[in-house]
Each structure stands twice: as C-alpha cells, then as structure tokens.
Amino acid sequence: AQSVSQHNHHVILSEAASLELGCNYSYGGTVNLFWYVQYPGQHLQLLLKYFSGDPLVKGIKGFEAEFIKSKFSFNLRKPSVQWSDTAEYFCAVTINQAGTALIFGKGTTLSVSS
Amino acid sequence: DAGITQSPRHKVTETGTPVTLRCHQTENHRYMYWYRQDPGHGLRLIHYSYGVKDTDKGEVSDGYSVSRSKTEDFLLTLESATSSQTSVYFCAINLEDGGNEQFFGPGTRLTVL
C-alpha cells in the first residue's frame with residue numbers, strides 16, 4: 001500500500017528564514033504529487049503539484065518543490081518565509097490512474113515568528 | 001472555479017444518534033471523496049464515489065455509509081455516532097485534469113458527546 005511520510009511534525013522559524021519540509025512516499029510506479037496548505041481555521045488549498053515533466057515545480061506564494069524520483073521524495077521549499085506562512089502543510093500522493101484518492105502525510109505545522 | 005458547499009458546517013450530537021453530512025458540488029465532476037482530518041493523522045479517506053450510485057470504501061470506512069443519488073450531491077452518514085468520530089470532515093472533488101488534483105470543501109466540524 002502507498003504511504004507518505006513527512007519528517008517534520010512542527011517547524012518553528014523566524015521571518016526571512018529559509019524553509020524546507022521533507023516528504024517521502026512509497027510506491028514504485030508513476031505518481032502524482034501535491035502539497036496542500038491549511039491556514040488556521042480554513043480548508044485545504046493547493047500549493048503546487050507535480051504530474052510530469054520538469055521535476056522542479058513552482059507554486060503559489062513563492063513555494064517550490066523538487067521531485068527526486070530516485071529518492072521517492074518531494075520536498076517543499078521557500079527561500080524566505082513570512083509570518084503569513086504560518087499554517088499546516090500536507091504532502092499527498094496519488095497513483096496515475098483516473099479517480100484515485102489522495103494519500104496524505106500526517107502534516108507539518110509551520111509557525112513563523114515576526 | 002469549482003464550487004463545493006458542505007452542510008452543516010458545525011454540529012454537536014450525542015453518542016448513538018445518526019448524523020448525515022452533505023456535500024454539494026456545482027460542476028458535475030464525476031469523482032467525489034469524503035475524508036476525515038484528525039490531529040497527528042492528516043487526512044484519511046472514508047469513502048469515495050466514481051459516479052451516481054457508484055461508491056466504494058476507503059481506509060477508515062467502519063461506522064460510515066455514503067450515498068450518491070445525484071451527480072452533485074454526496075452524503076456521508078454516521079449510522080450511530082461515537083466519540084471516536086469527533087473530527088473535521090472534508091469533501092473533495094477530482095478536477096479530472098489528468099493528475100487527480102482534488103479541490104476541497106470548507107469542512108464540517110462534528111463533535112460527538
């Protein structure tokens with residue numbers, strides 16, 4: 001069965017610090033990869049996605065992620081975080097078959113202090 | 001933009017009572033999902049639907065049933081609510097963009113006393 005592992009449960013940063021959140025998945029076939037963000041009290045929103053092509057994908061609000069197939073990883077990065085990035089971040093994977101549900105990691109809470 | 005509404009948005013109920021949560025979409029997407037979100041567990045799939053009257057179980061389906069009599073509505077029923085079903089429930093639709101991107105509704109916060 002597929003699974004997703006997010007290495008950091010809670011990350012605390014100061015504004016302007018760089019961010020990298022780890023995500024690894026277990027599945028040997030073709031996958032689609034996602035990072036979703038959940039701001040306090042809100043629903044999930046898509047940050048970025050990878051389907052195919054360039055393994056470095058750029059999303060909203062200055063986030064990017066790199067798919068490294070050999071490492072089964074899809075780490076999220078941002079060069080300089082802001083207080084408004086305080087949120088919970090979820091990595092998710094699905095196999096490349098129409099209609100397949102997402103498998104989520106357990107989430108990483110990011111707290112940014114101003 | 002895809003539109004999803006969930007109702008109710010908040011509900012408090014007692015153990016043993018049946019509860020039905022509704023998810024309504026406005027764009028006739030084929031695939032719909034119910035997830036529950038719990039601290040330390042992320043989101044876990046309860047049930048999903050791949051068309052009218054076509055549903056299947058997810059990872060945590062025990063104690064839940066679903067129905068989809070119309071494309072736009074996907075109902076989740078807790079047959080006899082238990083305290084372990086206290087959670088936030090999210091409905092999602094598959095945007096069918098070739099990559100299974102899902103768009104999420106606003107969620108329903110359910111408390112079972």
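The values are calculated or read from the model by the stated rules, or taken from the named source; none is laboratory data. The structure displayed is predicted, hence computed values, not measured ones. Methodologically, a virtual Cβ is constructed for each residue, glycine included, from the backbone with ideal geometry; neighbour enumeration extends over all protein chains shown.
Going by the structure shown, is B:GLY16 free of Cβ contacts under 8 Å to residues at least 40 places away in the same chain and not polar (S, T, N, Q)? Taking the combined requirement at face value, the residue does not satisfy it.
Yes/no matrix, rows are residues, columns are (1) out of contact with any helix residue (DSSP H, G or I) (no Cβ under 8 Å at 6 or more places or on another chain); (2) surrounded by fewer than 19 Cβ atoms within 10 Å (Cβ to Cβ); (3) on the phi > 0 side of the Ramachandran plot:
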{"position": "B:PRO8", "(1), (2), (3)": "yes, yes, no"}
{"position": "B:THR15", "(1), (2), (3)": "no, yes, no"}
{"position": "B:ASN28", "(1), (2), (3)": "yes, yes, yes"}
{"position": "B:GLN37", "(1), (2), (3)": "yes, no, no"}
{"position": "B:TYR50", "(1), (2), (3)": "yes, yes, no"}
{"position": "B:GLY58", "(1), (2), (3)": "yes, yes, no"}
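With a requirement of 1 or more residues that are at pLDDT 95 or above and over 28 Å from A:ILE95 (Cβ atoms), the strands (runs of 3 or more DSSP E) lying completely within the range B:1-111 that satisfy it span B:4-7, B:10-13, B:19-25, B:64-70, B:73-78.
Hey, among the residues in the range A:16-38 that are away from every other protein chain (no Cβ under 13 Å), within 11 Å of the chain's Cα centre (by Cα) and part of a strand (DSSP E or B), which one's nearest to A:LYS78 (Cα to Cα)? Here the residue is A:GLU20.
All of B:GLY98, B:GLY107 fail the test of being surrounded by fewer than 20 Cβ atoms within 10 Å (Cβ to Cβ), facing chain A (nearest Cβ under 9 Å) and among the small types (Gly, Ala, Ser), apart from B:GLY98.
Scanning the range A:65-114 for residues that are among the hydroxyl-bearing types (Ser, Thr, Tyr), more than 8 Å from chain B (Cβ to nearest Cβ) and part of a loop (DSSP other than H, G, I, E, B) turns up A:SER80, A:THR86, A:SER114. Pairing residues of the range A:1-17 that are closer than 25 Å to A:TRP83 by Cα with residues that are at pLDDT below 90 and in a loop (DSSP other than H, G, I, E, B), at Cβ distances under 7 Å and at least 6 apart in sequence or on separate chains, gives A:GLU15/A:SER114. The set of residues from the range A:3-16 being out of contact with any Gly (no Cβ under 7 Å at 6 or more places or on another chain) and either loosely packed, with under 15 Cβ neighbours inside 10 Å or of a type in the set (D, E, K, R) (or both) comprises A:SER3, A:HIS9, A:HIS10, A:ILE12, A:SER14, A:GLU15, A:ALA16.
If only residues of the range B:7-50 that are of a type in the set (A, V, I, L, M, F, W, C) and touching a Leu at 6+ places or on another chain (Cβ under 8 Å) are counted, the one that is farthest from the other protein chains (Cβ to nearest Cβ) is B:VAL19.
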